[in-house]
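A short reminder: the numbers here are calculations on the coordinates, not readings from a lab. Only a predicted model underlies this, so the values are computations on that prediction, with no experimental measurement involved. Every residue, glycine as well, gets a Cβ built from its backbone with ideal geometry; the counts of neighbours run over all protein chains shown.
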Amino acid sequence: MRLRQGKSLGSRANVSIGGLALKVDNQTGEVAQRAALVITTAVRLLRIPTALVLLVPLPFIAATVVLGAASDGGVRVIVCIVGVLMAAISAAFWGRRRRILQAVDDPEKLATELGIMISLSDKVDETRGALSQIAGGGGWRMFARLQGVWRGAAMTGRWIDSIGDLPRARYFAPPKIGTTVTLTIAALWLVPISVVVAGFSLIASVAGTL
């Protein structure tokens, strides 16, 4: 029963997106196609670098948690809390990376949703112009640039709520694009921080046994 209901909801969502796609004008469609190409290319290029950013801290996070659990007193509490916080950041980054990779697995569908996203705006020209600016940024810069161009556009709360139903495009618009940039920066800092914290945890654990 749940499976049928899930399929029904998915079918209704596809029909809704298909109906909205018919309302996208040619100029908006062309901008959406270009933007989808830039976004898809950037995300695919970042697949391996982001995997490394995700994987490198894991042994140090695990070591921090293990060393914290083996410690005594206040050191144990502090180290475990820090280890859990680092693990939470890593898990959040993994989840966002996974969803963004899924969002670009079909560039045509992404382009369709980007076109719908522009059309849903109260200021189509302004929104279309903002999205067209991302062609100048690639790789890591693309996400920061995308966040910057949206910041200069007038995005209403109603528009943000309405694009929440677009499973792909919503990850490249406010507020999710800001969250993505924040998580990426946090994940990058987590690489050196996890090494330092694991080192201090080891020192504290050894000192506690003396």
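Remark: spin-label model distance VAL124-ALA62 equals 5.4 nm, labels positioned 7 Å along the Cα→Cβ axis.
Arranged by the count of other C-beta atoms within 10 angstrom, fewest first, what order do VAL181, VAL82 take? List each step's numbers first, then the result.
Working: VAL181 16, VAL82 20.
By the 10 Å Cβ count, ascending: VAL181, VAL82.
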